[in-house]
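One structure is given here, and the rest of the page talks about it.
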Amino acid sequence: MLGRGRVRSDVQTGVTRPNFLPLGIIAGLIVLAADQASKWWVLNMLDLPSLRQVVLLPVLNLTMVWNKGVTFGLLNGLGDWGHVVLAVVALTVVVALGFWLRKAENKVVAPAIGAIAGGAIGNVIDRVRFGGVVDFIHAHVDTRWGDISWYVFNLADAAIVCGVIVLVIESQFSSRRPAPDYP
């Protein structure tokens, strides 16, 4: 029941509304911890860099990829300082997400923002530690027309994408309902 008992007051309007900041922070910390734990496991326990690939299911492999760019390997050729530039950009986005999270108005938006921020921080940690992001989840399907393969990703990437999808869907529904009237 996070967010129910805590309220914040808008000084300009005098309106008191629920504070969903703790919910977003917890979601972000859960994503960050799961992401870093999974990367630690594939690097140190499984030793995926040596194995290169482990087939889990006919449609799912663990495949070691060091992503020096951003999503889907874009901006891969930024040179020696690319990982620093991308880390600074990502941290700037996380700061902006923090401001948005402070103003989150419901318990759907707050954890979505937290998941995006937690995932972004997880990937920044990789860039600082390793000079690139640890990607290892590889979903694919063999069809009679050929192999359909998705990009190799990690839990942080999945949390970011899911968080964005939730925000897009929520924004579509929130525009159709009246704004909350807080007592």
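What follows is calculated from the coordinates using simple rules that are stated; it is not laboratory data. Every value quoted in this text rests on a predicted model; they were computed, and no experiment measured them. FYI the Cβ positions are ideal-geometry reconstructions off the backbone, even for glycines, and counts take in every protein chain you see.
Structure data summary
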| item | result |
| --- | --- |
| Checking Val42 against (1) in contact with a Lys or Arg (Cβ under 8 Å, 6 or more places away or on another chain); (2) surrounded by 18 or more Cβ atoms within 10 Å (Cβ to Cβ), the condition it does not meet | (1) |
| Selected residue (criterion: surrounded by the most Cβ atoms within 10 Å (Cβ to Cβ)) from residues of the range 142-165 that are part of a strand (DSSP E or B) and of a type in the set (Val, Ile, Thr) | Ile148 |
| Subset of the range 22-54 (residues that are in a helix (DSSP H, G or I) and charged (D, E, K, R)) | Asp35, Lys39 |
| Members of the range 92-135 found to be among the basic types (Lys, Arg) and in a helix (DSSP H, G or I), listed by number | Arg102, Arg127, Arg129 |
